Amino acid sequence: MDIFRRGLLTFGLLFALGAASAVQADPASIVVASTTSTEQSGLFKHLLPLFEAKSGITVKVVALGTGQALDAARRGDADVVLVHDRAAEEKFLAEGFATKRWDVMYNDFVLIGPKTDPAGVRGGDVVAAFGKLATARVPFVSRGDRSGTHSAELRTWKEAGVDLGAVKGDWYRDIGQGMGPALNTASALGAYLLADRGTWLSFKNRGDLTILVEGDKRLFNPYGVMLVNPAKYPSVKAKEGQAFIDWLVSRDGQAAIASYKIEGKQLFFPSAGQ
Amino acid sequence: MFQTFQETISRLATLDRDVLAIAWLSLRVSLTAVGLGLCIGIPVGAFLAVADFPGRPVLVGLLNAFMGLPPVIVGLVLYLVLSRSGPLGSLGLLFTPGAMVAAQVVLATPLVAALTRQVVADSEAHLGEQLRSLGLSAPRRALALIHDTRFSLVTTALAAFGRAISEIGAVLVVGGNIDGHTRTMTTAISLETQKGDLSLALALGLVLIVLVILVNAVAALLRSHAARAYG
Amino acid sequence: MPAIELSDLALARNGTTILDGLSAHISAAGITALIGPNGAGKSATLRVIDGLLRPDAGSVRIVGDGPMRRAFVFQRPALLRASALANVAIALEPLGLLRSERTGRARAALARVGLGDRAEAPATRLSGGEQQRLALARAWAVEPDLLLADEPTANLDPGATELVEGLILDIARRGTKVVLVSHNLGQVTRLAAEAVVLARGRAVEQGPTRALLTSPQAPETRAYITGELPWTSFAAAS
């Protein structure tokens, strides 16, 4: 009985300790809803320690697709959004969930595909390449998750004059997941896909995939940052959130973005004030 | 495949403090959730085993079904409840370890209650008549049977812990997988898989398995130690 | 000591009739034995008297002064995985005693059944005979007005049986009415002044034990004593 009681007591104490430490809130912190591309490329791991050391504000990043990130902010569950879908961002502003948008940086999309390039799309014209993909009906992986990358893909099909609804078939795999899973799927299938360069560069399970189309102006991928309107949600930490935005677009922040490299390649290009 | 395993082993050697912090968070969240789940689930399950009232079979059936609640659904519902625009938004729990504890409590409690009910009902078949003939109230009988089945209930606690620490659907949605705050072993494994770093994901998976084995070993030790005295 | 009035008891479970209009008067004095073949309804009658089973029809009236304290001793003692002392003390909880009083009375009862030095031992580690003595200590500690014992020595060796019989006699001498179910006619003769014969869910005959066993009146009693009665109901094993 004694052994049992002592054991119980020990477990109880452990639970109480865990409970106490698990629910404590940290004093100055903000929640940033952002995209899987920024998180999975490792950019935040590079930026946040610099900002936190300078400001004393802890930044918690929730990585979602652009559409989901904006929805989380619409429900008041984030203080700042950092996303890359200009049309969706304008809509967010128009709805009054934010009052201002800042340009932060850009990177670009690249068309990835198997080295053998069975559809023969290699080159510098992404619209022509998409046209060939639709004709050849080679395996193509789509994010299908309302992310910025997904919007860019849909925009490109449209520009290539492809009616996706009509030509969609077995070759078009809509997986409804983030950039990483999409790359994993494409790598396994030997399929084509549109990816942001940052995630591609930090992606390790490439298999036979390589970049086939890059450098087209239409692949330009701008990121914007917005503070969630405190008038909509009083819980928004406006002061700390604005401090984070101000730092991102400051000379220090921009330099920090430019200095993030993987294998010597710069992933994101500062664009504040341009 | 073979190469991935080789890399995994070498990655294990270099796992750093971040991984320890993630493992510790997973352990804290799941142990807390299981602790709370035991506090609620054991009395409820035991009472269902000893008390006789109309509607009990329905309640028991419901409980058994809830053992299989999909974590993603629990996460989603809790997300909407804890969201700033939800009914409990003012607590500010979303994207905190507290929210993950809450989600795992919801997952663990029906499991604990259903398994406890089964264990206590088996014991009640053997001891119930005697306890009733002593004139003990239903809550007192439930307590006596909980005490009587305490060694079997350790297994119940372990099952709940296994469900809690290995689930990802709920903690991902309500925790947000925030680096350094709500990243648990399972969300970290998922993230590394998505980044295509399969050897790191596998190394983290091995750490998780070792963690689960350790907790089970401690419980088994405690149990056999106590059972030797009072089996 | 209380007398027990059983009137027209009927009980069926899962379509099998267990008690079929059982009526009997159990006198207030000493030990009364319920005897009869398997399936006669002896154990069920005992449980109905204790309130563990609710009859479908009929009534049980326990005639005595004030509230009746009951104790039940089963064929297989049902013991908690705890010390012998704790197993006795829990029976005293409904009596509204202080914890120290409960422990004191439990220790005294254990000493009374010869388990004074095993008070701290795990109950489940005791031998079969010790376990049944522990169950009797539980009954002893409660100081019941009525003790219901269901084949308390059926699983015991002769030595343990003798100890248990002695304890039942002691409890009866202290002023407790005892109703005993037993298949052991020798035991019934040794312990019970009065016997009631049950067959097929009814009481067929009752009277002083010795007279009843030497010159049975009812054909069922004669058949039971000589071992002739064809078993009529297996489902309700006693």
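Derivation of every value follows stated rules applied to the coordinates shown; laboratory data play no part. Just so it is clear, the model here is predicted, and its values are computed rather than measured. Positions of Cβ are backbone-derived with ideal geometry, glycine not excepted, and every protein chain shown enters the neighbour counts.
Spatially, segment C:57-123 and segment C:189-228 are offset by 32 Å when compared through their Cα centroids. Between B:THR187, B:LEU172, B:LEU143, the Cα set farthest toward the positive side of the dipole of segment B:140-231 (charges on each charged residue's Cβ, about the Cα centre) is that of B:LEU143. Report the residue, chosen from B:ILE165, B:ILE40, B:ILE209, that carries the largest GNM mean-square fluctuation when chain B is represented by alpha-carbon nodes joined by springs under 10 Å. Greatest mean-square fluctuation among the candidates belongs to B:ILE209. Projected onto their three principal axes, the Cα atoms of segment A:176-220 cover extents of 29, 20, 19 Å, largest first.
Residues of A:76-82, mean number of Cβ from any other protein chain within 10 Å of their own Cβ, rounded to a whole number?
Taking all residues of A:76-82 together, the mean is 3.
For the residues of B:187-200, the average number of beta carbons from a partner chain within 10 Å of their own beta carbon is 5. Listed by chain and number, the lysines whose alpha-carbon sits under 16 Å from that of A:LYS232, ignoring those within fewer than 8 places in the same chain, are A:LYS91, A:LYS100. For the pair segment B:64-91 and segment A:131-146, the centres of their Cα atoms are 36 angstrom apart. Shielding by partners for peptide B:133-140, expressed as the average number of C-beta atoms from other protein chains within 10 Å of each residue's C-beta, is 5.
In chain A, the inverse of the mean reciprocal separation of distinct Cα atoms equals 20.3 Å; this is its Kirkwood hydrodynamic radius. Residues considered: B:ALA217, B:ALA142, B:ALA21. Largest GNM mean-square fluctuation over chain B, using C-alpha springs under 10 Å, is found at B:ALA217.
Going by how many other beta carbons lie within 10 Å of each one, how would you line up A:TRP171, A:TRP247, fewest first?
Neighbour counts put them in this order, fewest first: A:TRP171, A:TRP247.
Size of segment B:17-230: Rg and Dmax of its alpha carbons, in Å, are 19.3, 65.
For the residues A:THR36, A:THR66, A:THR135, a GNM of chain A with alpha-carbon springs under 10 Å puts the largest fluctuation on A:THR135. The overall shape of segment C:61-203, judged from the alpha-carbon gyration tensor, is oblate: a/c is not under 1.5, and a/b is no greater than b/c. When DSSP beta bridges are restricted to pairs lying wholly in chain C, around 55% turn out antiparallel. With 29 Å as the limit on Cα-Cα distance, the pairs of A:LYS217/A:LYS239; A:LYS239/B:LYS195; A:LYS237/A:LYS265; A:LYS115/A:LYS158; A:LYS60/A:LYS204 that go past it are A:LYS217/A:LYS239; A:LYS239/B:LYS195; A:LYS237/A:LYS265.
Peptides A:227-238, A:248-259, ordered by how many other C-beta atoms sit within 10 Å of their residues on average, highest first, read A:227-238, A:248-259.
Dividing the alpha-carbon Rg of the protein assembly as shown by 2.2 N^0.38 Å yields what? Rounded to two decimals, the normalised Rg is 1.39.
Under the convention that each Lys and Arg Cβ holds +1 and each Asp and Glu Cβ holds -1, the size of the dipole of segment A:108-219 around its Cα centre is about 80 debye.
Each Lys and Arg Cβ is given +1 and each Asp and Glu Cβ -1; about its Cα centre, segment B:17-230 then shows a dipole of about 320 debye. Sequence-distant contacts, meaning Cα pairs under 8 Å at least 6 residues apart, place the relative contact order of chain C at 30 percent.
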